[in-house]
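This report concerns only the one structure given below.
The values are calculated or read from the model by the stated rules, or taken from the named source; none is laboratory data. On a predicted model such as this, the values are computed, not experimentally measured, just so you know. Please note: Cβ atoms are built from the backbone with ideal geometry, for glycine as well, and neighbour counts cover all protein chains shown. Surface areas here come from the heavy atoms of the whole protein model, side chains and all, with no ligands, DNA or RNA. Shrake-Rupley method; radii C 1.70, N 1.55, O 1.52, S 1.80 Å.
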Amino acid sequence: MSFDLETAAAPAGLRRVAIDPVSRVEGHGKVTILLDAQNRVQQVRLHIVEFRGFEKFIEGRPYWEVPVMVQRLCGICPVSHHLAAAKAMDRVLGAHPVTPTAEKLRRLMHYGQVMQSHALHFFHLSSPDLLFGFDSDVNLRNIVGVIRAHPDIAKKGVMLRKFGQEVIRVTAGKRVHGTGAVPGGMNKHLSIADRDLLLRDADQMVEWAGDAVTIAKQLHAQNPALYDSFGSFRSNMLSLVRADGAMDLYDGVIRARDASGKIFLDGASDQSYLDLMEEEVRPWTYMKFPHLKSLGRDVGWYRVGPLARVQNCDFIPSPLAEAERREFIAWGRGEPVHATLAYHWARMIEVLHSMEVIRDLLADPELLDGDLMTTGERTGTGVGIIEAPRGTLIHDYRVGDDDLVTMCNLIVSTTHNNQAMNEAVRSVARQFLDGRELTEGLLNHIEIAIRAYDPCLSCATHALGRMPLDVVLQGPDGTLVDHVLRSPEGELVRNLAAPVGLPA
Amino acid sequence: MTTLAPLYPTHQPRKLKVATVSLAGCFGCHMSFLDIDERILELIEHVEFDRSPLTDIKHVGHCDIGLIEGGLCNSENVEVLRDFRKHCKTLVAVGACAINGGLPAQRNHLDLGEILQDVYGSRTGMSAGSAIPNDPELPLPLNKVHPIHEVVHVDYFLPGCPPPADAFWRFLTDLMAGRTPHLGHGLMHYD
Ligand code: SF4
């Protein structure tokens, strides 16, 4: 069976419209739309167009390099990959659980990461659509436009992100691609000077995070007809939760609810993910399609990320965010909220929660002192799962006795949302584009639906594709640098003797 | 009191047009650029953004400065890079990936065919019958990841993974003031 609007029944003769590249998202993606003569939408696809092969070249590397290497999957959420890999390597070494000091330092780093990534997404990338309107002037629709029109809002966004980045810097040494976590623990304590630096601004940040929730909430209240229906569809939702059902972004057990909100999977160990899910490949995108094995590909897909987490947990263990969660749940009037744009609201609730967690952790003397490292009996295998800003992130490794990685499997957050993002753009296409002359503003509607998921398309591009291949690379002076061909048998051959031109 | 009109029209400096792109990069260089934090409020007084992941301009126009993050891993990267070279007076290779391929170039010692076989042929957790993507909408992968100076002329190199925010700031303020950019000690590093 195939999904509605995924594949046109008769593609020949249809008109193709492409949104390329999808902008104000992280990574490399495009959308193609096929229309018939009456402008009726026949096919819509979100393609992930890049591949990088991380899973493969991590094999053969020493395990201790991995938490630092994998950060380069993504510069927006490097800490998520850093910590998911470190957690997996803790298991590989049998150094599990890590010491309380190490876990708290990692949590501090992680919640700083969630906060800065969410702030970046909302203020720098998505807010222009929400504040100016979906088909507002294309030249206004960016952070510069927001700074000019709403300097107050923009400045708070910039400062919230800065604070999150500073939390990362003091725990990992650098804002982007630092080195805080190591297999078995952490490499340094928090210094008193750094703690005091952050504490100075913490209350202010909690207040501004609360303001951010208010902005997101008001957007829904001002236009419920649009915000509730835009790109909306019913789906399962999956996330980690703490063993007692609380929201936890660093560690927990796997829980999933169906579209009516009923829990059908709970308490599953992160180490067992392969028993629960599998991934399918479709020929038109490099990003795979995961689903729960027990339900199958057609109904077993799910959403991850803020919308899932805020509704999957039983409560949020910090008072201000918990009050906001209750308001969010009440908005659904007894039903789960399935609206795509509600991701923004849920995301801002998580910013507030993260800020509350950070403030509490900063007051904890265990971050300044105490054992950093654990050792144990080596097992050679380990899975690390974390709730990254965009959703559940899975790292899975096997390590040989010679310390070299022999197997690496990654399922990144955005990949879990692959089917969901495709459903969202098809829903928007049906509601807004079908039968109409397409304009830039209408096409932006498609991107708004994608942006709501805050996709990290760089993260999702670790797979490789095979296509007819004939690529020539020439240097600035015209010298031939590389020429690769695929033979009819599918073999890749280098051919430096017979260059052909690249498409201009 | 009356204010005197200036004798000559005052010179209104034109804003520098800047385009940015991520090729085979992780966006970390863009993040580090945004780590100039509140200085962005000052920057936009002097700079205008053209095509960038931060705007909805999809094709690069004529620009003063093009900042390139990431190396070349597929044919589309090559096209975009050439387009930037054509449109930007000053082209800057930003970060390890653009300068020498960076981490993605770790795949260069492996055979592309073998990697394909591994990722789609024998991986755990894949549905039965999964095959390798082969749609014409997907750009062609290059056999090796290449740094950008192998394909176009590059005017400046900004090292680091990513370059620190202060390096971006120094570089751009130097250019805006008409000075030859000079990073100096501390802003020039390779991690
Ligand atoms: S140089 Fe480093 S930070 Fe920049 S894109 Fe490459 S991996 Fe990311």
Quiz item: Which longest run of chain B has no exposed loop site in it, a site being GluC sites (Glu not before Pro) in a DSSP loop with at most 13 other beta carbons within 10 Å, and the site itself not part of the run?
Solution: B:46-191
Practice problem: Quickly estimate the mean residue ellipticity at 222 nm for chain A, helices only: each DSSP H run with n ≥ 4 gives -39500 (n - 2.57), and the total goes over all residues, rounded to 500. | Solution: -11500 deg cm²/dmol
Quiz prompt | Reduced Cα scattering model of region B:62-170, Debye log10 I(q)/I(0), q = 0.15, 0.19, 0.21 Å⁻¹ | solution = -0.73, -0.97, -1.09
Self-check item: Degrees separating the helix B:75-87 axis from the principal Cα axis of chain B, which is the longest one
Solution: 20 degrees
Quiz prompt | Square roots of 5 times each gyration tensor eigenvalue, C-alpha, region A:300-419, largest first, Å | solution = 33, 23, 10
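Suppose a student asked you for the relative contact order of chain A, using Cα pairs under 8 Å spaced at least 6 residues apart; what percent would you report?
On the way: 1027 pairs, mean separation 118.2, N = 504.
It comes to 23 percent, rounded to a whole number.
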Quiz item: When chain B is treated as a GNM, springs tying every alpha-carbon pair under 10 Å, which of B:LEU112, B:LEU103, B:LEU91 comes out with the largest mean-square fluctuation?
Solution: B:LEU112
Self-check item: Helical contribution to [θ] at 222 nm, DSSP H n ≥ 4, -39,500 (n - 2.57), averaged over chain B, rounded to 500
Solution: -6500 deg cm²/dmol
Self-check item: P(r) weight above 19 Å for chain B, C-alpha pairs, percent
Solution: 65 percent
Quiz item: Quick one, what does Rg over Rh come out to for the protein assembly as shown if you take C-alpha atoms and the Kirkwood Rh?
Solution: 0.95
Exercise. May I ask you to derive the relative contact order of region A:289-367, considering only C-alpha pairs under 8 Å and at least 6 residues apart, and to give it as an integer percent?
Key: 28 percent
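Estimate the FRET efficiency between A:ASN39 and A:PHE3 by the formula 1/(1 + (r/R0)^6), using the beta-carbon distance for r and 22 Å for R0, to the nearest 0.05.
Rounded to the nearest 0.05, the efficiency is 0.55.
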Exercise. Taking 7 Å along the Cα-to-C-beta vector as the label spot, tell me the B:THR180-A:ALA225 distance in nanometres, rounded to one decimal.
Key: 6.4 nm
Quiz prompt | Longest DSSP-loop-exposure-free segment, trypsin sites (Lys or Arg not before Pro), chain B, at most 10 other Cβ within 10 Å | solution = B:15-178
Quiz item: Name the chymotrypsin sites (Phe, Trp or Tyr not before Pro) in region A:230-290 that are in a loop by DSSP and that have at most 15 other C-beta atoms within 10 Å, would you?
Solution: A:PHE233
Exercise. Take the alpha-carbon centre of region B:19-65, take the same for region A:127-154, and report the distance between them in whole Å.
Key: 16 Å
Quiz item: What distance in nm separates the simple spin-label points at A:ILE263 and B:ASP166, each placed 7 Å from Cα in the Cβ direction?
Solution: 5.0 nm
Self-check item: Distance from region B:126-191 to region A:27-67 (C-alpha centre basis), Å
Solution: 20 Å
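Expressed as cubic angstrom per residue, what is the convex hull volume of the alpha carbon set of region A:128-271? Present the calculation step by step, with values, prior to reporting the outcome.
Numbers: hull volume 27.3 nm³, N = 144.
Residue-normalised Cα hull volume stands at 189 Å³.
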Practice problem: Find which of B:LEU67, A:ILE358, B:ILE36 sits farthest along the positive direction of the dipole of the protein assembly as shown, computed with +1 on the beta-carbon of Lys and Arg, -1 on that of Asp and Glu, about the Cα centre. | Solution: B:LEU67
Quiz item: Carbon and sulfur atoms: what percent of the 1.4 Å accessible area of the protein assembly as shown do they account for?
Solution: 54 percent
Quiz item: To the nearest 20 debye, what is the magnitude of the charge dipole of the protein assembly as shown about its Cα centre, counting +1 on the Cβ of each Lys and Arg and -1 on the Cβ of each Asp and Glu?
Solution: 980 debye
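Please calculate how many Å² of accessible area region A:301-456 carries per residue, with a 1.4 Å probe and no DNA, RNA or ligand atoms counted.
On the way: 4650 Å² over 156 residues.
Accessible surface, normalised per residue, equals 30 Å².
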Quiz item: Peptide B:31-40: average number of partner chain Cβ atoms within 10 Å per residue?
Solution: 6
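Would you please name the trypsin sites (Lys or Arg not before Pro) within region A:212-242 that are DSSP coil residues with at most 14 other C-beta atoms within 10 Å of their C-beta?
Details: sites: A:LYS217, A:ARG234, A:ARG242; in loops: A:ARG234, A:ARG242.
Those satisfying the criteria are A:ARG234.
Quick one, can you get me the convex hull of the C-alpha atoms of region B:41-122 expressed as volume per residue in Å³?
Values: hull volume 11.2 nm³, N = 82.
In region B:41-122, the Cα convex hull volume per residue is 137 Å³.
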Self-check item: Electrostatic dipole magnitude of region A:1-160 [Cβ: Lys, Arg +1; Asp, Glu -1; Cα centre; debye, to 20]
Solution: 320 debye
Practice problem: Filter the trypsin sites (Lys or Arg not before Pro) in region A:252-340 to those in DSSP coil with at most 16 other Cβ atoms within 10 Å of their Cβ, and list the result. | Solution: A:LYS262, A:LYS293, A:ARG333
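Which value, in Å to one decimal place, does the Kirkwood hydrodynamic radius take for region A:244-308 when every pair of different Cα atoms is included? Write out the running numbers ahead of the final one.
Values: mean 1/r = 0.0758 Å⁻¹.
Hydrodynamic radius (Kirkwood, Cα pairs) of region A:244-308 is 13.2 Å.
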Quiz item: By how many degrees, between 0 and 90 and to the nearest 10, does the Cα long axis of helix B:165-176 differ from the longest principal axis of chain B?
Solution: 50 degrees
Quiz item: Taking H as built 1.01 Å from N, whose amide H comes closer than 5 Å to the amide H of A:GLN43, not counting residues under 5 places away?
Solution: A:LEU34
Quiz prompt | Cα convex hull of region A:1-156 - mean projected area over all directions, nm² | solution = 14.6 nm²
Self-check item: Cα-based shape type of region A:54-418, given that a ≥ b ≥ c are square roots of the gyration tensor eigenvalues and the cut on a/c is 1.5
Solution: oblate
Practice problem: Quick one: give the max-minus-min coordinate of the C-alpha atoms of region A:346-395 along each principal axis, largest first, in Å. | Solution: 40, 30, 7
Self-check item: DSSP-defined antiparallel bridges as percent of all bridges, the protein assembly as shown, nearest 5
Solution: 70 percent
Self-check item: Packing-based ranking, highest mean first, of A:312-319, A:19-26, A:379-386 given that Cβ atoms within 10 Å are counted
Solution: A:19-26, A:379-386, A:312-319
